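**Q** Could you have a look at this structure, given as structure tokens, before my questions?
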Amino acid sequence: MKRTPVEEMTPAELASFAKEIVVRKLSERAHSRSDLAQALARKLVPEGVVEATLDKFETAGLIDDEEFARSWVQSRQRGKGLSSRALAMELRRKGVDDEISKEVIAELDPDAEVEAAHRLVRSRLRSLSRFDEATKLRRLTGMLARKGYSSQMCFEVVRQELGADKQALDSM
């Protein structure tokens, strides 16, 4: 079935086309309003139709940037072990308002962030057993830094885990 170019669509066909795109995207996973607006723009949907369509979905409660941000943060922190700083940058790239991002990030438990860093280091430490302490320190702190952790936290967590690893080896 050949699709009619956007330029040749009637206003009703444009609205239906935009709605179809948004429904398809939302059926895959939650999206921010900005993500959806970009998807519609890539399909050359006129700005007025984009706004009207997204307003309808937002009014119906199907687009909620705050709920999207909460879900995204929980998923990415749990799955990837990202720091709050990295999560804030991701939300900004997703087009989530900075105030919403700050609010959602503030809800994170700082202890959970530290525990996530420890988990990441412990899981990576196993694959670094053949390296000397300096190499382990460099690689592990680099990994945490790429996940958005501060340099102070990187060094604290890695030193604690290297100390625990060394104690476990000494007790054998």
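The values are calculated or read from the model by the stated rules, or taken from the named source; none is laboratory data. Worth saying up front: this structure is predicted, and the values here are computed from it rather than measured. Ideal geometry is used to build each Cβ from the backbone, glycine not excepted, and the neighbour counts take in all protein chains shown.
**Q** With respect to ALA52, is the statement that it is among the hydrophobic types (A, V, I, L, M, F, W, C) and closer than 28 Å to GLU99 by Cα true?
**A** yes
**Q** Tally up the residues in the stretch 10-34 that are under 23 Å from LEU91 (Cα atoms) and surrounded by 19 or more Cβ atoms within 10 Å (Cβ to Cβ), please.
**A** Final tally of qualifying residues: 4.
**Q** Out of (1) under 19 Å from SER150 (Cβ atoms); (2) surrounded by fewer than 12 Cβ atoms within 10 Å (Cβ to Cβ); (3) modelled with pLDDT of 90 or more, what's the single condition that is false for SER127?
**A** Here SER127 clears every test but (1).
**Q** Still on this structure, please answer the following. Tally time: how many residues in the stretch 82-110 are at pLDDT 90 or above and closer than 19 Å to GLU161 by Cα?
**A** Selection size over the stretch 82-110: 2.
**Q** For the condition closer than 30 Å to THR141 by Cα, of a type outside the set (Phe, Trp, Tyr) and not in a helix (DSSP H, G or I), what is the one hit in LEU120, LEU91, LEU108?
**A** LEU108
**Q** Does GLU99 count as among the charged types (D, E, K, R), surrounded by fewer than 16 Cβ atoms within 10 Å (Cβ to Cβ), outside the structural domain of ALA145 (by TED's automatic domain parsing) and part of a helix (DSSP H, G or I)?
**A** It is true that GLU99 is among the charged types (D, E, K, R), surrounded by fewer than 16 Cβ atoms within 10 Å (Cβ to Cβ), outside the structural domain of ALA145 (by TED's automatic domain parsing) and part of a helix (DSSP H, G or I).
**Q** For residues that are of a type in the set (Lys, Arg), in contact (Cβ under 8 Å) with a residue 60 or more places away in the chain and in contact with a Leu (Cβ under 7 Å, 6 or more places away or on another chain), tally how many sit in the stretch 76-98.
**A** Number satisfying all stated conditions: 0.
**Q** Something else now. Return a yes/no flag: does the stretch 99-108 have any residue that is of a type outside the set (D, E, K, R) and free of Cβ contacts under 8 Å to residues at least 24 places away in the same chain.
**A** yes
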